[in-house]
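What follows is a short report on a single structure.
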Amino acid sequence: MKRLFKNFAFTIGALLTIVLIVVALAAPLLAPFDPDAQDTSRRLEPPSKEHILGLDDLGRDVLSRIVFGARVSLRVGFSVVVIGSLIGVALGSIAGYFGGAWDVVIMRICDILLAFPGILLAIAMVAVLGPSLNNVILALAVSNWVGYARLTRGQVLKIREMEYVTAAKALGARAPRVIIRHVLPNVINPVIVMATLGLAGAILAEAALSFLGLGVQPPTPSWGAMLTSGRQYLGIANHLAIFPGAAIMLSVMGLNFLGDGLIDALDPKYRKLIE
C-alpha cells in the first residue's frame, strides 16, 4: 500500500474513482434538486448561487442530473466488466488449458468478433434490440469478453507448464480443480488491471451510445445524452456541454490512472524495473 500511494497516478486515480463511487451511491443525498423537475421559465439559465452548474434546455438542474448520471455510468461499467470478465476468463481458461478443438473454436470466435470495431458492433446490436439500459449492457458485453479471453488464454498457456501444475496433475487432481486452485489465482492480477481499464472504456462507450440516442432514454439522466442536448446550445449556453463532458473526462481519467498504478503494483517485473 505504501508503494501504491507513492505512485502519483494511482493516488489521483483512486481519489477520483472513490469520489465517483460515492457520488453514484449517495446521489439522492447529494443532488440539490430533483433531476427531472422542470422550470421552463428559467431554461438555459447560466450557473448561479442557487444552481451551481446552471439549468438545461428544460429548466432542470444540471448538477443534479450529472450526479444521477454517475449511477447510470457506473451501473453500465460494472455490469459490462463483470459479465465480460466472467465469460472471458472462463472461455480463455478452457482454451488455454485444454487446447485442441476447444482452443481453435474459442479463438476463431474471438477473431470474428475482433474483426468488427467494438463500438460499431454495439451500435448495430442496440439498433436491432432497441435502445435501453439493459440492451446497452448486453451489446457492450458481447464484444468486451474477447479481450479477457485472449489475455487469460495467453497466461494459462504459460502457467499450465509450471512445476506446481504438473505436480497437481501427478497427484491426481482433476482439470477443474487444477484450473480453479492453481491456474486462475496466477491469472487474476492482469485480469484485475484489464478490468479497471475496461471499466473506463465501458463508461466512455455508454456515453457514446447515449450521445447517438441509442443508450438510456429520457428522462433518465445520462452524461452522453446531456452532451447531445447541450451541443445545439454551445453558442448561448455552453455549460450544458462543458460540465457533462468534464464529468466523463474526470471519471475515465481517474480509472485509467488507477489501472496504471495497479500495473506498477501487481506486475513484479515492472515493479522491479522502477525500484
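log10 I(q)/I(0), Debye, Cα-only the chain, no solvent, q = 0.09 Å⁻¹?
Calculated log10 I(q)/I(0) at the listed q: -0.52.
For a footprinting-style exposure proxy, rank GLU163, GLU206, GLU45 by other Cβ within 10 Å, fewest first.
Working: GLU163 7, GLU206 31, GLU45 18.
Final ranking by Cβ density, sparse to dense: GLU163, GLU45, GLU206.
How high is the relative contact order of the range 1-92, in percent, counting Cα pairs under 8 Å that sit 6 or more residues apart? Before the final figure, lay out each step's value.
Numbers: 90 pairs, mean separation 22.0, N = 92.
Relative contact order comes out at 24 percent.
Return P(r) of the range 17-147 (all Cα-Cα pairs; 5 Å bins starting at 0; whole %; ordered from short to long distances).
Here the calculated profile for the range 17-147 is 2, 10, 14, 13, 13, 12, 11, 8, 6, 4, 3, 2, 1, 0.
Could you list TYR164, TYR148 so that the one with the fewest beta carbons within 10 Å of its beta carbon is first and the one with the most is last? Don't jump to the answer; show the numbers that get you there.
Values: TYR164 12, TYR148 25.
Least to most surrounded, the residues fall as TYR164, TYR148.
Let me check against my output: what whole-number percent is the relative contact order of the chain, with C-alpha pairs under 8 Å and at least 6 apart?
On the way: 419 pairs, mean separation 72.6, N = 275.
Normalised by residue count, the contact order of the chain is 26 percent.
To the nearest 500 deg cm²/dmol, what mean residue ellipticity at 222 nm is calculated for the chain from DSSP H runs of n ≥ 4 alone, each contributing -39,500 (n - 2.57), summed and divided by the residues? Display every interim value, and only then the final one.
Values: 13 runs with 198 residues, N = 275.
After summing the helix terms and dividing by the residues of the chain, the value is -23500 deg cm²/dmol.
Any read-out appearing in this document is the output of simple, stated calculations on the displayed coordinates, not a laboratory observation. Quick caveat, the model's predicted, so the values are computed rather than measured. Note: ideal-geometry Cβ built from the backbone for every residue, glycine included; neighbour counts use all protein chains shown.
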